[in-house]
Amino acid sequence: MSRQSLAKAHQKIQELSWEPQYHEPYMKYGTDYTFRKAAKKDPLKQVLRSYFPMQEEKDNRVYGASDGAIRGNMFRQVQERWLEWQKLFLSIIPLPEISAARSMPMLFQAVPNPELHNGQAIQMIDEVRHSTIQQNLKRLYMNNYIDPAGFNNTLRNFHSDYCGTIGRQFAEGFITGDAITAASIYLTIVAETAFTNTLFVAMPGEAAANGDYLLPTVFHSVQSDESRHISNGYATLLMALSDEDNRQLLERDLRYAWWNNHRVVDAAIGTFIEYGTKDRRKDRESYAEMWRRWIYDDYYRAYLLPLEKYGLVIPHDLIEESWNQIWNKGYVHEVAQFFATGWVANYWRIDSMTDEDFEWFEYKYPGWYDRYGKWWENYNRLSRPNGHHAIVAEDVDYVYPHRCWTCMVPCLVREDMVVDKVDGQWRTYCHEACRWTDAVAFRPTYEGRDTPNMGKLVGHREWETLYHGWNWADVIQDMGFVRDDGKTLTAQPHLDLDPKKMWTLDHMRRMPHVASPNVILNEMSDSEREAFVADYNAQGPAGRPAGSTS
Amino acid sequence: MTTTENSARSVPKPTFTDAEAGAKEFPDSGPSARRYNYYKPAKRKQTHYEDVTVEVQPDPRHYLTQGWIYGFADGSRGYPLDWTKLKAWGVDNPEPERGPGSGGKPVQDWPAHGWHEFRDPNEEWELTMFRYNANVERQIGQNVENARNAKAFDQWTQNWVRFVERHVGAWMHIEHIFGLYIFAACNRSGPTNMHNTAMAVNSEHKIRFAQDLALYNLTLTEEIEGFDGAAHLDAWNNDAEWQGVRKVAEALTAVDDDWGEMIFGTNIVFEPLLGELFRSNLVQQAAPGNGDYVTPTVMGAGEYDFAQRDLRWTQACMGLLTQDKEFADHNKQIMQGWLSHWVPQCLDAARQLQPLWSQPDAKPPRFEDSLDRAKNRFAGILSDLGLDAPKELSQ
Ligand SMILES: [Fe+2]
Ligand SMILES: [Fe+2]
């Protein structure tokens, strides 16, 4: 279609906008936001006559490249260190994608402007594409990569894993609770507009550097749909801003969504990019450098700041604090260390760091070695079974952390940890912003105003709870993270596939039992708890016990 | 010309890793480990479609051991099974109770309940849906373009021009409403990823077809002198003939919190009794006699969507429920109730459409014959599902 006929076609399909005459559609999803009905322009200007062939063409390129990668024996050059982390990433990401599809009709109802619904429906179609194309990519890895274990059962594993549920926020957060909080602010305004750059651009770049050009082919194609979704979000945001009553809610939701996305996405993607790569060229950007460019400059300065003049209250403090966490408090390094501490309870293999890695980290993050170097040397030392336990049960100057009740990433920056009794339960939070999210934001009233549509944080949010008092071997068997010989673990703390070097259930059987930090916290007396908090806040960095000087 | 190495150029170096399937032997290196092993396929062999859809939407009765982590204000979570009155075997069994020290309690007897038995017989996922819809769009585009070049619209009589501008045009609104406010709307509600994906794909057909009709209308406005491109809005908003259909279509979007009724009411009742009545038994039949060979190709695409795809998945979905090993009777009773509710409204709307049959110069088959055909087809669909034709059908 020519540009001119496309414009005319788009103009024409506006005639489809429906004004109910006899029955209003059933309102299934509520919001506390208010929208005034006003004629709006469809920001997407997309007509299916050109959309479908365009998407088909993109597909042809993706599937053509996939065939080429396999015919060209791509897997002879793929870094296992990298591909192992894809077992986690590709078990998470199809769910957020499909959840984004599912969330779109929540917006039809909340935003009464039929002109915008067209764009939301197209986003729904895009998201079905993303989810299934990613499931397909994972299938290709499973079929062609040396070690299929962990790919072949991802959709079971991801839900029982030691850190998988953290990723589920980035899906359930889109589809549950106040429709605008979920499907617009959390999904579109923050997750898609701010964080998909690290997901879908930085990740593929790192994949390519590790010999994997399948991931870039798929994810660049996915990212090419993203600008449409960003326009959807922007249109809704401007409408929300036009009603003064919404500003308080917008402020609340931006704070929550920003902080939660930072906690979750930076934890996962930061770890993949910094610890999942073999590319240690000094001039390749670190995650912190990418973050500064894409999230701080492109999103915060170029997208959010200009919205201030429309009355948007921007969480400047939390944005600066996120940077502070990444740059000064070692957020990504602490998370990677935590993932590796509990390698036994994962379903992928985590490679140890070598001298070359150490050098790169020290160059990119001065002071890294003093904080984390020793621990990774211990990780390497304990990586082959040799009469000792897995690192989680060995004394390596690491205090096993408490989980954050809100973001579910543990409280790794120990000095920031806070506790609060909420809903009758003592809970630990990684940061005051996470405490606020649970105790203040996700409540039926907010700053004295009724917010009857706001969602709730529910579920067994601490992984250790279900396995409190269990033997590690039983835990791993219960989760199903065992290979087809019935005893070798799916996860390993190294990349050596020699069966003699691999850990088995027998090794796990000898380790001390799993204990839930939250169960223990709730058994403490007030004074014990106060002492616990003081001690915890004095711990770190790198999880070192309080008072430790090394 | 000579090439010089740019010394400043920094690129990652490829390394031989030999990380290819089969390079080493170790537990899980064999071919049997190279399949998604967390679900049971419907047939002996698991399909590509199943691999990319099954279990993507989790279920606390399967592997969601920590449970849903966000709830709505009313406490409901995830994808509640009671968002329809229909039931599948096993749903009344309690969800596993988990807590401190309980372990994960993953599913032992997958699928744990009958909803997970549904598979879309069209096996739709992204590859198929883009191929299908892109093909339809190309085909329609070419047909209309050929007709334009052949001056095919010149043969239309004035009456037929009026018929197409008003009534064929009015139909686009129905498709649009269903596309967005039934099928897209329900893609958040279904109990499994297979249901929700099938509904999303159904939505694509509807939205596309609505736009096809709108773009066709635009072409005719440009090609036929005096063709009024806004007449469809007037017909839709004001013609007495259309108000009955509009009322039922709108009522379907207003169904009180039951995605099953919305889908059943639309694809099992409305589509055969009104959709096919209008599209197949009126437009497709009347067009050739009035010198119009083009409209049937546009309408035909929508007919094909429904008859070959959308009805098919809906029958598969509802058919499982009417044969459910635990709730067949419950489901049939619910569906019979829906039939008693929607059939009279649809027949009423059909009768309001009747004057359309006498508008073209070359008349289509009689209205009563057209309606009988639609009723027969409808009765056949019901008997396939094991449902009784409601008494209202014979009125
Ligand atoms: Fe997406
Ligand atoms: Fe947190």
Placing unit charges on C-beta atoms (Lys and Arg positive, Asp and Glu negative, everything else neutral), compute the dipole magnitude of chain A about its Cα centre in debye, rounded to 20. 1320 debye
Residue-level accessible surface for B:VAL11, protein heavy atoms, 1.4 Å, Å²: 70 Å²
Integer Hz, Karplus 6.51/-1.76/1.60 couplings in order for the range A:78-83, x for Gly and Pro: 7, 7, 5, 3, 6, 5
Using protein chains only and a probe of 1.4 angstrom, how many square angstrom of A:ASP474 are accessible, to the nearest 10? 60 Å²
Here the Cα Rg-to-2.2 N^0.38 Å ratio for the range A:21-92 is 2.01
Normalised by the residues of the range A:432-550, what does the relative contact order come to in percent, with Cα pairs under 8 Å and at least six apart? 21 percent
Applied in sequence order to the range B:122-127, the curve 6.51 cos²θ - 1.76 cosθ + 1.60 (Karplus, θ = phi - 60°) yields integer Hz couplings, x standing for Gly and Pro, of 7, 6, 7, 8, 4, 4
How long are the semi-axes of the ellipsoid equivalent to the range B:106-232, from square roots of 5 times the Cα gyration tensor eigenvalues, in whole Å, largest first? 40, 16, 9
Span from the the range A:237-309 Cα centroid across to the the range A:529-550 one, whole angstrom: 30 Å
Would you please state the base-10 log of I(q)/I(0) at q = 0.13, 0.15, 0.17 1/Å for the range A:392-550, with intensities from the Debye formula using one equal scatterer on every alpha carbon? -0.77, -0.94, -1.08
Taking the alpha-carbon centre of each part, the distance from the range B:320-338 to the range B:62-137 in Å is 20 Å
Taking the Cα-to-Cβ direction at B:ASP92 and at A:GLU320 and moving 7 Å from each Cα, how far apart do the two end points lie in nm? 6.1 nm
Find the sum over both chains of the accessible area lost when B and A are paired, probe 1.4 Å, and report it in Å² to the nearest 100. 10200 Å²
Ordered by number, the GluC sites (Glu not before Pro) in the range B:223-287 that occupy a DSSP loop and have at most 14 other Cβ atoms within 10 Å are B:GLU225
Please give the per residue accessible area of the range B:303-395, computed with a probe of 1.4 Å over protein heavy atoms only, in Å². 47 Å²
What would the Debye formula give as log10 I(q)/I(0) at q = 0.10 Å⁻¹ for the alpha-carbon point model of the protein assembly as shown, no solvent? -1.16
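As an exercise, take the mean of 1/r over every pair of distinct alpha carbons in chain A, invert it, and state the Kirkwood radius in angstroms.
After inverting the mean inverse Cα-Cα distance, the result is 24.6 Å.
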Under a 5 Å amide H to amide H cut-off, with H placed in plane at 1.01 Å, what residues pair with A:VAL482 once short-range neighbours are removed? A:THR490
Chain B - percent relative contact order, Cα under 8 Å, separation 6 or more: 20 percent
C-alpha center-to-center spacing [the range B:288-304, the range A:366-404] in angstrom: 71 Å
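Just round it to a whole percent: the fraction of Cα-Cα distances in chain B exceeding 41 Å.
Values: 22213 of 77815 pairs.
Cα-Cα pairs in chain B separated by more than 41 Å: 29 percent.
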Heavy-atom accessible area of A:HIS23 with all protein chains present, probe 1.4 Å, nearest 10 Å²? 70 Å²
If you bin every alpha carbon distance in the range B:41-190 into 5 Å steps from zero, what whole percent lands in each bin? 1, 6, 10, 14, 14, 12, 9, 8, 6, 6, 5, 4, 2, 1, 1, 0
Trypsin sites (Lys or Arg not before Pro) within the range A:218-315, DSSP loop, no more than 14 other Cβ atoms inside 10 Å: A:ARG281, A:LYS282
Residue-by-residue Karplus 3J(HN,Hα) for the range A:463-477, coefficients 6.51, -1.76, 1.60, Hz, glycine and proline x: 4, 5, 3, 5, 10, 4, x, 8, 6, 4, 4, 5, 4, 5, 5
In nm, the gap between the two label points placed 7 Å beyond Cα toward Cβ at A:ARG3 and A:ASN537 is 6.1 nm
Which of the residues in the range A:1-33 lose at least 50 Å² of accessible area when you go from the chain alone to all protein chains together (probe 1.4 Å)? A:LYS12, A:GLU15, A:LEU16, A:TRP18, A:GLN21, A:TYR22, A:HIS23, A:TYR26, A:LYS28, A:TYR29
Restricting things to Cα coordinates, could you compute the convex hull volume per residue of the range A:151-228 in Å³? 112 Å³
log₁₀ I(q)/I(0) of the range A:204-295 at q = 0.15, 0.26 Å⁻¹, via Debye over equal Cα point scatterers, no solvent, to two decimals? -0.79, -1.34
Restrict the search to the range B:1-81; then list the GluC sites (Glu not before Pro) that DSSP places in a loop and that have at most 16 other Cβ atoms within 10 Å of their Cβ. B:GLU5, B:GLU25
Could you give me the percent of Cα pairs per 10 Å distance bin for the range A:54-205, shortest bin first, beginning at zero and ending with the bin that holds the maximum distance? 10, 35, 34, 17, 4, 0
Dividing the convex hull volume of the Cα atoms of the range B:239-395 by its residue count, what figure in Å³ per residue is obtained? 104 Å³
Spin-label pair B:ASP154/B:LYS40, simplified geometry with 7 Å Cα→Cβ offset, distance in nm: 6.6 nm
Per residue, accessible area of the range A:101-142 with a 1.4 Å probe, heavy atoms of protein chains only, in Å², comes to 7 Å²
Can you tell me the convex hull volume per residue for the range B:26-91, based on C-alpha atoms, in Å³ to the nearest whole number? 149 Å³
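For the protein assembly as shown, what does the helix formula give at 222 nm: sum of -39500 (n - 2.57) over DSSP H segments with n ≥ 4, over the residue count, nearest 500 deg cm²/dmol?
Estimated from H runs of four or more residues: -14500 deg cm²/dmol.
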Amide H partners (placed H, <5 Å) of A:ARG349, local residues excluded: A:GLN492
The set of residues whose placed amide H lies less than 5 Å from the amide H of A:THR504, leaving out same-chain residues fewer than 5 positions away, is A:LEU489
Mind ranking B:290-296, B:326-332 by how tightly packed they are, going by the mean number of other C-beta atoms within 10 angstrom, highest first? B:290-296, B:326-332
Might you report the magnitude of the Cβ-based charge dipole of the protein assembly as shown about its Cα centre, with Lys and Arg at +1 and Asp and Glu at -1, to the nearest 20 debye? 1260 debye
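The values are calculated or read from the model by the stated rules, or taken from the named source; none is laboratory data. Every value quoted in this text rests on a predicted model; they were computed, and no experiment measured them. Here the Cβ is made from the backbone with ideal geometry for all residues, glycine too, and neighbour counts use every protein chain on show. Heavy atoms of the whole protein, side chains included, go into the accessibility calculation; ligands, DNA and RNA do not. Shrake-Rupley method; radii C 1.70, N 1.55, O 1.52, S 1.80 Å.
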